[in-house]
Amino acid sequence: MTYKMLRLFFLMLIVSPTLLADDLMEIANGELTRNFVTLQKQEIPPYFISYSITETISNSITASFGRIENKSINDVNRILDIDLRVGDYQFDNTHIIRGNPFNFGSGAGSAVLPLTNDKNALTNAMWFSTDNLYKKATERYEKALTNKAVKVAEEDSSADFSEETKVVDIQPLQTLEFDAAKWEKLATNLSAMFSSEPLIYNATVSVRTELKHKYFVSSEGTKLRWSEKGARVMVSAKTKADDGMSLPLYESYFAFNPKDLPSEKEIAADIKKMINLLVALRDAPMATTYTGPAILSGEASGVFFHEIFGHRVEGHREKDPNSSQTFKQSIGEEILPSFIDVVFDPTKKELQGKEISGYYPYDDEGVKAQRVETVKDGKFSHFLMSRSPIENFSHSNGHGRKQQGYNAVSRQSNLIVTAHKTESKDELKEQLRKLSKEQGKEYGLYFETVSGGFTFTNRTIPNAFNVTPLVVYKIYVDGRPDELVRGVDLIGTPLTTFANIVASADDLGVFNGICGAESGGVPVSACSPSLLVSTIEVQKKKKSQAKPPLLPSPVGATINP
């Protein structure tokens, strides 16, 4: 190699942007500082900017009936979310514009960042997104000022953004090992088990892991870097009754590390039970409309509380003039039986030996995760708060959460229901029979498994909830064997249903899932003992009018020439 070629090669090593060793956080912090200082020269300068970068490394494998359907290994993306605010902490561009159906204003914007630490490419994306967002923020700020001037006085005059103490915590980035061959084999073997039953029309086994590296910097001086990870195995299968009703079942498993997920043997045992239950559900009688006593299993109770209570204590809803604000005037009042406590605790990674997925060290607004006691001895005491204050709650308690690409709002974490007064599951069943008899019922209901649900919190429609049961039994008062039934949804209104909780078992159910709301999907858990409710209402589930498949399943079929 000639001297000239050596010299050229050496210069390329020095100036090539892709070879720069700049740390991603320092690049982000430097560009944020430059943009913040420069924009102070504008007529309406920003008072706050934050950059939140989420780098996600994911693996996903899905198999159906013994064959791989989808596979994505080491998929990487990097998203920048910007929160830019003009005005001041009391009133800024995110202020609610009343009369607008999309009330909550956005000071946020997102961009896809390059995957390499190429300083020029990264700063260019950050600069352009910040400039674009600043223009939108100033335009909306002026609209918000006009809206305030022409509307009646606001019900809640609290600030638009809370002032929080800056935090600096640069944690080492974690790793997550994923043996693709091992998990591909597991998904293939487990999904093949469903081939034994030709009346199961859809069945999948999915394995997914995510490792998220999170970076957060703000003009207030906060600098954070941490990792979050999780692994899930999800099993789903579906059959159809002769009357057209679709009958799905689900099973999911969560751990922070793939190595801590249940073994193939353990999951296979659950799949055998699922297959038998699907066959039984096809022949199970349709349940009728019912109002009366019921037991919610621990898992069902957790989802029940998540839907009808959790979403109503997310603080930002109390500021929305269109929200029902169920508990706005309930501070210090008894809303649940005196033996019930409810906390949200994102600092917990496990509960009674079970890992729970609503854990995180910092929320998505750079605030340290905090345990929040919302109900003590049945009395309501606190909302879940992001940095959007409401009346009497001026600071965040570490529950400002979002999926990358969305705006952070107050969201749930690990919901934990505990009871001071408990009894055995058998005693709870006896109480159910007694209550049912007193109410002149032939049976009570036992909700064993649910898949989720939804709730309405808006003033313009009735504030009801709907929880979707998958496995329901009739518990007969005369001691006859429990009877599996199908085809009902659990419905009601929150305050009435809360008042009907009369007893708790000494068990614990854990539901680990992803909650979807206006700030995207975030990992949560809902943990609760089984609960006895004196009166609950169910309605018939919507069902398809299409017949089951006319052609026989090809699984195990022999073709005769």
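Structure summary
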{"item": "Cβ-placed point charges (K, R +1; D, E -1), dipole of the chain about Cα centre in debye, nearest 20", "result": "1180"}
{"item": "Hz values of 3J(HN,Hα) by residue in segment 91-96 - Karplus curve (6.51, -1.76, 1.60), Gly and Pro given as x", "result": "9, 9, 5, 8, 4, 4"}
{"item": "Separation of the Ile331 and Asp489 label points, Cα + 7 Å toward Cβ, nm", "result": "3.6"}
{"item": "Peptide ranges 418-428, 404-414 listed from the most packed, as the mean C-beta count within 10 angstrom indicates", "result": "404-414, 418-428"}
{"item": "Cross-link reach list, aspartates and glutamates versus Lys376, counting only Cα pairs under 18 Å and skipping chain neighbours closer than eight places", "result": "Glu314, Glu333, Glu334, Asp341, Asp345"}
{"item": "Span-like helix ranges in the chain, DSSP H, alpha carbon extent 24 angstrom or more, Kyte mean at least 0.0", "result": "264-283"}
{"item": "Helix-only mean residue ellipticity at 222 nm for the chain, each DSSP H run of n ≥ 4 adding -39500 (n - 2.57), per residue, nearest 500", "result": "-7500 deg cm²/dmol"}
{"item": "Sequence ranges 30-39, 203-212, ranked by mean other-Cβ count within 10 angstrom, highest first", "result": "203-212, 30-39"}
{"item": "Within straight-line cross-link reach of Lys541, lysines at Cα separation under 17 Å, skipping those fewer than 8 residues along the same chain", "result": "Lys238, Lys240, Lys474"}
{"item": "Reported label for calculated volume of the Cα convex hull per residue in Å³ given (i) 139; (ii) 199; (iii) 258", "result": "(ii)"}
{"item": "Label-point gap, in nm, between Gln171 and Ala121 - each point 7 angstrom along Cα→Cβ", "result": "2.8"}
{"item": "DSSP bridge orientation in segment 71-226 - percent antiparallel, rounded to nearest 5", "result": "75"}
{"item": "Accessible area of Tyr47 in the full protein assembly, 1.4 Å probe (Å², nearest 10)", "result": "40"}
{"item": "Theoretical gain in end-to-end length, Asp243 to Lys41 [0.36 nm per residue, Cα-Cα removed]", "result": "65.8 nm"}
{"item": "Most to least packed among 140-146, 498-504 [average Cβ atoms within 10 Å]", "result": "498-504, 140-146"}
{"item": "The chain, accessible area per residue, ligands and nucleic acids excluded (1.4 Å, Å²)", "result": "46"}
{"item": "Label-point separation, Ala499 to Asp131 (7 Å along Cα→Cβ), nm", "result": "6.1"}
{"item": "Label zone at Ser158 (point 7 Å along Cα-to-Cβ), backbone N below 15 Å, segment 328-347", "result": "328-332"}
{"item": "Distance violations [Cα-Cα > 31 Å] among Lys119/Lys349; Lys272/Lys421; Lys151/Lys368; Lys182/Lys272", "result": "Lys119/Lys349; Lys272/Lys421; Lys151/Lys368"}
{"item": "Segment His395-Lys259, extension gain: residue separation times 0.36 nm, minus the distance between their alpha carbons", "result": "45.1 nm"}
{"item": "Of all accessible heavy-atom area on the chain, the percent that carbon and sulfur account for (1.4 Å)", "result": "53"}
{"item": "Förster radius 35 Å - calculated FRET efficiency between Ala269 and Glu423 (Cβ-Cβ, nearest 0.05)", "result": "0.75"}
{"item": "Too-long pairs where the Cα-Cα distance tops 26 Å, listed order kept, from Lys148/Lys214; Lys148/Lys319; Lys185/Lys273; Lys273/Lys425; Lys212/Lys265", "result": "Lys148/Lys214; Lys212/Lys265"}
{"item": "Length gained when the stretch Gln90-Glu442 is fully extended (0.36 nm per residue, less Cα-Cα span)", "result": "120.8 nm"}
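The values are calculated or read from the model by the stated rules, or taken from the named source; none is laboratory data. These numbers come from a predicted model, not from an experiment. Quick reminder, even Gly has a Cβ in these numbers, built from the backbone with ideal geometry, and neighbours come from all protein chains shown. Keep in mind that these areas ignore ligands, DNA and RNA; they rest on the heavy atoms of the full protein, side chains included. Shrake-Rupley method; radii C 1.70, N 1.55, O 1.52, S 1.80 Å.
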